Amino acid sequence: MSRVLHRAGAGPALAVSGTGSWITLASGAQVLDGAGGAAVACIGHGNRRVGAAIADQAARISYLHSAFFTSTPAEELADLLVESGGGAFARAFFVSSGSESVESALKLARQYHVERGAPSRSHVIARRQSYHGNTFGALSASGHPARRAIYEPMLMSGFSHVSPCQAYRYRPEGLSDADWVAHLAAELEAEITGVGADRVAAFVAETVVGATSGCTPAVPGYFRAMRAVCDRHGVLLVLDEIMSGMGRTGRLHAWQDEGVTPDIQTVAKGLGGGYVPIGAMLAAPKVVEALAAGSGAFVHGHTYQAHPLAARGALEVQRIIAEEDLVGRVARMAPALRARIETRLGDHPHVGDIRGRGFFLGLEFVADRATKAPFAPQTGFATLVKDAALARGLAIYPGSGTIDGTRGDHVIVAPPFTATEDELDQICERLALAVADATALLPG
């Protein structure tokens, strides 16, 4: 009996090793990792070069308190990330998870306004059907009712939510992209003025929405319009790329396809590729300059902030990605991966939408394609697909509450950037068979 307090009542399968895109279980069975865990394992499992780098750092120095010391890996990783933004960033702040990076972003946004003489700015606007993390600030920003429900009485009051840019579910019939963007921009503007423009600190959004709605990119022009609204009212734009960033979409930063740059960005999963627990917050020059001209220090910190082992592991992951042009590889191979999925499942009666970018694709399931009616929540269709896939030796990432936090099902396909053509074929084949298996379990 496991004494680990697992997420679910029944303990998961015991994995003992991993190589490339494959995970080996204690039973000897091999599972093809079609989702990189949760879009994490970007260079695959068992990379000996990364393991050696972490071991080398542990032998040199394993821990430093960031109030007293810095380390070469942290400095080099910060250089890499700041330079990757092409002028968008001035500093990097390292933590141990995506949730912590969002908490850091919320605090930095607040402090930015305080430093500039606007202490009334403490309110944050985010979007419905979003997920920004499971700590209290990050969860308060998140707009997913099911994830919030049990903690709702404890969540913070200084947050509100506007409509998501999810075309399949929320764009009114017959409305053009441009007209819908104008409508969403007007909604954000109305929310800012309704709260009070002198009270709003930041607008937080996932560049490509991940876990809660299944790899949903915004329609063209959306982020440019949101940026304009934010700029008009002195509100910071915070982009959450914890799941979609660091090459997952075929660009190192997903915002590079949107024609905007963020004031603050959060990254995590693909930063360390699962080899180390690490997240980062990236801050624009104007934000850093406000702190420098004011108190001179960020009023925030963690014991394991900028941990040398985590920084060294992430640095090696990012060097491998650059040296092997893995982001370019994702961009080149993504159209074929999507075409494979669409060929196998595009006409399936229970697949309503296939969406996403790069190696970050979502499939939304429906009970009826014509009406887009979802399955009843108690059906748990995404879980049926996940279980059927695992039985066929494929790991994918399921999600429920796709539409409103209660109704709707999807799965995410997010393979390692290093996956071979044959492995991508196998992912698509096994996923199609799993959807068929799950469909066969439906009543009637």
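Structure summary
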quantity	calculated
Cα radius of gyration and Dmax for the chain (Å)	21.4, 68
Whole-number percent relative contact order across the stretch 88-159, with pairs defined as alpha carbons under 8 Å at least 6 apart	27 percent
Fraction of antiparallel bridges per DSSP, the chain only, in percent to nearest 5	65 percent
Computed E for residue 5/residue 407 - FRET, C-beta separation, R0 41 angstrom, nearest 0.05	0.90
Sequence of 77, 14 once ranked by neighbouring C-beta atoms within 10 Å, starting from the fewest	14, 77
Per-pair calculated FRET efficiency, R0 = 30 Å: residue 25 and residue 55 via Cβ, rounded to 0.05	0.75
Amide N proximity, the stretch 182-214 versus residue 160 label position 7 Å along Cα-to-Cβ, cut-off under 18 Å	183-205
Reachable lysines from residue 372, criterion Cα separation under 24 angstrom, eight or more residues apart if same chain	386
Cut-off 12 Å (backbone N to label point 7 Å along Cα→Cβ of residue 224), residues of the stretch 348-370	none
Cα centroid of the stretch 305-349 to Cα centroid of the stretch 368-444, whole Å	20 Å
Distance between modelled label sites at residue 38 and residue 323, nm, 7 Å Cα→Cβ extension	3.0 nm
Relative contact order (%) - the chain, alpha-carbon pairs under 8 angstrom, separation at least six	22 percent
Cα shape, the stretch 100-200, gyration tensor, a/c 1.5 rule	oblate
Mean-position separation - Cα centroids, the stretch 201-246 and the stretch 1-40, in angstrom	32 Å
Relative contact order of the stretch 292-444, defined on C-alpha pairs under 8 angstrom at six or more residues apart (%)	19 percent
Relative packing of 384-397, 258-271, 357-370, 224-237, which averages over residues the other C-beta atoms within 10 Å, highest first	258-271, 357-370, 384-397, 224-237
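Every number here is computed from the coordinates shown, using simple stated rules; none is lab data. Since the structure is predicted, the reported quantities are computational estimates derived from the model, not experimental observations. No Cβ is skipped: glycine too gets one built from the backbone with ideal geometry, and neighbour counts run over all protein chains shown.
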